[in-house]
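Some notes on the structure that comes next.
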Amino acid sequence: MKRDLDQLVLQMHAAGVNYNDAVREFKKRYILEVLSRHRGNQCKAAEELGMHRNTLSRTLAELELDSAQIRKGMRRPVRSVRPAVATMQRPNLQVVNGGR
């Protein structure tokens with residue numbers, strides 16, 4: 001992994017990516033990964049990141065990440081409407097009143 005990171009840093013430097021942009025992009029990707037593992041739960045993500053939930057919320061705002069959109073993207077898709085069950089034709093049975 002260290003070799004991959006070293007290679008990435010070299011590529012970014014060669015491409016002229018400045019330090020602030022590199023750090024900002026790393027933070028975004030890292031935080032989004034942790035949030036996705038916790039399905040958008042900021043409390044759990046903040047705990048794993050070693051920061052307070054308010055700090056995570058403030059960091060999301062600084063990175064211009066919309067927490068509502070993150071949570072919405074993490075939700076399970078809505079169950080599709082099940083196809084209507086074909087009604088079986090039943091014989092029309094008349095109930096005989098037992099002679100009463």
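Pull up the range 1-38, narrow it to residues that are polar (S, T, N, Q) and modelled with pLDDT of 90 or more, then point me to the one that is nearest to residue 51 (Cα to Cα).
Initially, the range 1-38 is screened for residues polar (S, T, N, Q), giving 7, 11, 18, 20, 36.
Subset that is modelled with pLDDT of 90 or more: 7, 11, 18, 20.
Numbers: 7: 29, 11: 30, 18: 26, 20: 21 Å.
Across the range 1-38, the extreme among qualifying residues is 20.
Determine whether the range 52-72 contains at least one residue that is at pLDDT 90 or above and of a type in the set (Lys, Arg).
In the first step, residues of the range 52-72 are kept if they are at pLDDT 90 or above; the result is 52-64.
Now narrow it down to the ones that are of a type in the set (Lys, Arg): 53, 58.
Checking the range 52-72: at least one residue is at pLDDT 90 or above and of a type in the set (Lys, Arg).
Quick one: which of 40, 16 is at positive phi and surrounded by 14 or more Cβ atoms within 10 Å (Cβ to Cβ)?
On the way: 16 fails: surrounded by 14 or more Cβ atoms within 10 Å (Cβ to Cβ).
Only one candidate qualifies: 40.
The values are calculated or read from the model by the stated rules, or taken from the named source; none is laboratory data. Only a predicted model underlies this, so the values are computations on that prediction, with no experimental measurement involved. Here the Cβ is made from the backbone with ideal geometry for all residues, glycine too, and neighbour counts use every protein chain on show.
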